[in-house]
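The values are calculated or read from the model by the stated rules, or taken from the named source; none is laboratory data. Computed from a predicted model, the values in this text were never measured in an experiment. Note: ideal-geometry Cβ built from the backbone for every residue, glycine included; neighbour counts use all protein chains shown.
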Amino acid sequence: MLKGQEASIKMRANNIKKYMDWEIKVQLTYSNGQKWQDTISGIGFVEPIGDNLNETLRECKDVLEQKIYSEFDHIYPGMEAKIISCKVKYIPFSNARKRAERLFKEGKLEKEIAEHFGLNLKYLDNQVD
């Protein structure tokens, strides 16, 4: 293979979005000491950081954890939120698309992600389950 072709293929591969599935288990502590746990999950996409996909996953995990802490702090001021576990893994596009459709139907998909997958109400109305 010519070096130019090899570089071109590598550049295209680096520009491809990677789809990920994530799940975070959170424990909330009320001001009276009562504790409550919940699991939050979703999908997303990311452009890899260089050639290191594991580094990209670590970065995504950090961002998700920060987002969860800020969301809970905003929604439940004065409550203590503790992340028990945070799992992030890559999934194939077809799995991500199916999951996005399901979450969209349930009203649990962020607008940016729905738009990325081309999901809208007209599209879903034409689908047969």
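Remarks
- Inside the range 47-76, residues that are in a helix (DSSP H, G or I), of a type outside the set (Asp, Glu) and farther than 24 Å from residue 97 by Cα make up a count of 6.
- Only one of 59, 65, 71 that is in contact (Cβ under 8 Å) with a residue 40 or more places away in the chain, charged (D, E, K, R) and closer than 20 Å to residue 110 by Cβ: 65
- Residue match in the range 34-46 (condition: farther than 28 Å from residue 101 by Cβ and not in a strand (DSSP E or B)): yes
- Out of 65, 71, one residue alone is at pLDDT below 80 and not assigned by TED's automatic domain parsing to the domain that holds residue 100. It is 71.
- Of the residues making up the range 77-96, those that are surrounded by fewer than 16 Cβ atoms within 10 Å (Cβ to Cβ) and either part of a helix (DSSP H, G or I) or at pLDDT below 85 (or both) are 77, 78, 79, 80, 93, 94, 95.
- Considering the range 103-129, the residues that are surrounded by 11 or more Cβ atoms within 10 Å (Cβ to Cβ) and within 22 Å of residue 26 (Cβ to Cβ) include one that is modelled with the highest pLDDT, namely 103.
- The range 14-33, residues that are assigned to a strand (DSSP E or B) and charged (D, E, K, R): 18, 21, 23, 25
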